[in-house]
Amino acid sequence: MVRGRPLSSYLAEALGAAWLVLAALTAVAFTMRADGVYLSSWPLLARLAVVGASVGGAVAIFSLTSPGKESGAHLNPAISLFMTLRGVLSVTDLIAYVAFQLAGSVLGVLLARALLGDRETVVNDGLIQPGAGWDSPGVVVLGELLSTAALLWVLAAMTNRPRPRSTPWVLAVVIAVLITFTGSRTGASFNPARNFGPHVVSGDYHLFWAYMLAPLAAAVVAAGALALLGVRRAWTHRVCCADDIPRYHLLSPRSRRRLHSSPR
């Protein structure tokens, strides 16, 4: 167990989640309208690429800020649960992180409404829903589970040792690709905090449970798969782990191998 972190870490997660949702909803407001205004006349794949780049870029940028480095820049309950299952985040921190991430999501929607006005409400507060023909709850759950698991496995590979400069941008690319190529099908949330605020503020709870639970189930599946492969310990809970580099490189090669392979 990792002992509880300071309140500033939890507030950083709320701030980061608000920033993520604001970036996502701003991109949606300019690309997903039904009237052809702004970028909404572009082909769907191009519009999804804009949204993906906006969301991925927002995550990477926040990861490199001081608040992002302090909290670890999870901005996603599935990532926090995954880090807890991998032994680098305590249950107490998990609960606090999730609560503040969800609160930040609501704040992000309210900020988007205040800044964008009708441009935000016309796209239903950026609420993620599946595409035509993909509205089956089972399809949504499976798609969200697989997408989230893929993201978490990449994150696991990147946090197995300190890679402070590349990790945020690798994750940004993965997020952008997932949104671009799955957004027209399942909606491409893979983050309960991304859709929580839009659900709550818009009052539309269609498939709410699927978008909340599928990414969390993916965290359990992804962590379980790593455990079966003998990869049970993460090096850090941070997406950007610059503070861990000196400590890591002081370890002998044997100690590093033991760190990555030994169960906790």
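The values are calculated or read from the model by the stated rules, or taken from the named source; none is laboratory data. These numbers come from a predicted model, not from an experiment. Cβ placement follows ideal geometry from the backbone for every residue including glycine, while neighbour counts extend to all protein chains displayed. All accessible areas refer to the heavy atoms of the entire protein, side chains included, with ligands and DNA or RNA removed. Shrake-Rupley method; radii C 1.70, N 1.55, O 1.52, S 1.80 Å.
Data overview
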item	result
Per residue, in Å², the accessible surface of the chain once ligands and nucleic acids are set aside, probe 1.4 Å	43 Å²
Counted charge near PRO215, where neighbours are those whose Cβ lies closer than 12 Å (Asp, Glu -1; Lys, Arg +1)	0
Accessible area, probe 1.4 Å, largest first, for residues ILE128, ILE61	ILE61, ILE128
Span-like helix ranges in the chain, DSSP H, alpha carbon extent 18 angstrom or more, Kyte mean at least -1.0	7-31, 44-63, 91-116, 137-158, 167-182, 208-228
Modelled FRET efficiency - R0 22 Å, SER66 with LEU7, Cβ distances, 0.05 increments	0.90
Stretch gain in nm, segment VAL220-SER136, where the contour uses 0.36 nm per residue and the Cα spacing is subtracted	28.0 nm
Cubic angstrom per residue, convex hull over Cα atoms of segment 1-145	119 Å³
Relative packing of peptides 132-141, 104-113 - highest average C-beta neighbours within 10 Å first	104-113, 132-141
Over the chain, relative contact order from alpha-carbon pairs under 8 Å, at least 6 apart, %	28 percent
Percent of Cα pairs exceeding the 28 Å cut-off, where the set is the chain	30 percent
The chain - mean residue ellipticity at 222 nm from DSSP helices (-39,500 (n - 2.57) per run, n ≥ 4, rounded to 500)	-21500 deg cm²/dmol
Calculated Rg and Dmax of segment 131-206 using C-alpha coordinates, Å	14.2, 42
Cα-centred dipole magnitude for the chain, charges only on beta-carbon of K, R (+1) and D, E (-1), debye, nearest 20	1460 debye
